[in-house]
Amino acid sequence: MTIHTIYPKPIGLLGGTFDPIHHGHLRLALELYERLDLAEVRLLPSANPPHREAPTASAQLRLDMVQAAIQGVPGLSADDRELRRHQPSYTVDTLLSIREEYPYHPLCLILGMDAFMALSSWYQWERLITLAHLLVVRRIGTLLPEVHRMQEFLNSHQLHHPDELRQQLAGGVWIEEIPALTISATQIRDLIATGRNPRYLLPQTVLNLIHTHQLYR
Ligand code: ATP
């Protein structure tokens with residue numbers, strides 16, 4: 001008989017620019033929270049993303065929008081640690097900082113399939129799996145490419161049951177298929193810039209902040 005250690009429920013970590021946060025992000029976070037019985041999903045707006053152009057809205061406003069979006073929603077929280085750091089926000093540093101705060105919780109870094117496929121280009125990517133599980137989200141209907149450049153990595157880390165996320169603090173890859181809403185922050189910024197109405201793509205509280213601060217015009 002194998003006896004497994006059971007840790008507390010895992011903490012999900014969803015990083016993003018959230019410029020602005022929208023219902024695609026929020027449904028993703030809530031689906032994962034409920035389906036995988038997570039302790040919570042923390043949304044982490046990035047301060048200075050090393051991988052892409054500077055966001056349009058300031059870091060503080062992107063955090064304010066995240067807070068407005070999740071207010072009163074059980075299971076979702078905002079985490080501002082990347083904004084408090086003055087260096088570029090590398091995921092490995094974020095995970096080290098969260099691991100220090102939560103030594104006994106499994107951590108699940110949430111990644112889209114595209115991000116997972118490009119993982120080997122990330123700063124110190126091989127350390128990520130030593131600090132957290134990777135929770136890879138595959139949008140229903142999207143196919144895996146036949147030659148998968150992370151295949152070998154996946155072969156050595158893939159979990160076979162979500163309960164395994166609670167049996168180790170880090171080290172596994174779990175692929176979860178979710179129905180995705182085809183909403184992007186780019187689409188919302190473009191609608192606003194061209195004078196159209198992005199209503200129903202994002203929470204009204206976020207839209208109110210966008211109007212107040214005249215963002216994305
Ligand atoms: P942009 O259009 O500015 O590139 P975005 O809408 O893709 O932004 P990000 O802040 O880059 O938003 O996304 C953060 C995370 O949320 C990423 O892991 C991304 O894969 C995921 N995500 C973004 N949009 C959706 C969506 N509609 N459904 C599910 N996941 C999403």
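Structure summary
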quantity	calculated
All positions within segment 151-161 that are of a type outside the set (S, T, N, Q) and either under 19 Å from GLU177 (Cβ atoms) or not in a helix (DSSP H, G or I) (or both)	LEU154, HIS157, LEU159, HIS160, HIS161
The listed residue being at pLDDT 95 or above, within 11 Å of the ligand (Cβ to nearest atom) and either touching a strand residue (DSSP E or B) at 6+ places or on another chain (Cβ under 8 Å) or among the aliphatic types (A, V, I, L, M) (or both), out of LEU131, LEU165, LEU111	LEU111
Conditions (1) out of contact with any helix residue (DSSP H, G or I) (no Cβ under 8 Å at 6 or more places or on another chain); (2) within 24 Å of HIS133 (Cα to Cα); (3) within 16 Å of the ligand (Cβ to nearest atom); (4) among the polar types (S, T, N, Q); number of the one not met by THR5	(3)
Positions within segment 172-201 being within 7 Å of the ligand (Cβ to nearest atom), part of a loop (DSSP other than H, G, I, E, B) and in contact with an Asp or Glu (Cβ under 7 Å, 6 or more places away or on another chain), in sequence order	none
For ALA54: the one exception among (1) surrounded by fewer than 12 Cβ atoms within 10 Å (Cβ to Cβ); (2) hydrophobic (A, V, I, L, M, F, W, C); (3) touching a residue at least 40 places away in the same chain (Cβ under 8 Å)	(3)
Filtered residues of segment 91-120 (kept if outside any helix (DSSP H, G or I), within 21 Å of LEU143 (Cβ to Cβ) and of a type outside the set (Val, Ile, Thr))	LEU111, GLY112, ALA118
Enumeration of residues in segment 16-44 that are closer than 23 Å to ASN208 by Cα and outside any helix (DSSP H, G or I)	GLY16, THR17, PHE18, ASP19, PRO20, ILE21, HIS22, ARG42, LEU43, LEU44
Qualifying positions in segment 121-150 - of a type outside the set (Asp, Glu), out of contact with any Ser or Thr (no Cβ under 8 Å at 6 or more places or on another chain), surrounded by 11 or more Cβ atoms within 10 Å (Cβ to Cβ) and part of a helix (DSSP H, G or I)	TRP125, ARG127, ILE129, THR130, LEU131
Any chance GLN60 is farther than 21 Å from TRP174 by Cβ, more than 10 Å from the ligand (Cβ to nearest atom), in a helix (DSSP H, G or I) and more than 14 Å from the chain's Cα centre (by Cα)	yes
Segment 172-191, residues that are buried (at least 17 other Cβ atoms within 10 Å of the Cβ) and either touching a helix residue (DSSP H, G or I) at 6+ places or on another chain (Cβ under 7 Å) or more than 21 Å from THR212 (Cβ to Cβ) (or both)	GLY172, VAL173, TRP174, ALA180, ILE183
Qualifying residue in segment 81-89 (condition: within 16 Å of the ligand (Cβ to nearest atom), surrounded by fewer than 21 Cβ atoms within 10 Å (Cβ to Cβ), in a helix (DSSP H, G or I) and in contact (Cβ under 8 Å) with a residue 24 or more places away in the chain)	yes
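Listed here are the residues, each with its yes/no results for (1) free of Cβ contacts under 8 Å to residues at least 40 places away in the same chain; (2) in contact with a His (Cβ under 6 Å, 6 or more places away or on another chain); (3) within 30 Å of LEU61 (Cα to Cα); (4) not basic (Lys, Arg).
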{"site": "ARG149", "(1), (2), (3), (4)": "yes, no, no, no"}
{"site": "LEU169", "(1), (2), (3), (4)": "no, no, no, yes"}
{"site": "GLN187", "(1), (2), (3), (4)": "yes, no, yes, yes"}
{"site": "ILE210", "(1), (2), (3), (4)": "no, no, yes, yes"}
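The values are calculated or read from the model by the stated rules, or taken from the named source; none is laboratory data. This structure is a prediction, so every number in the text was calculated from the model and none was measured. In this analysis, Cβ positions are derived from the backbone assuming ideal geometry, glycine residues included, and neighbour counts consider all displayed protein chains.
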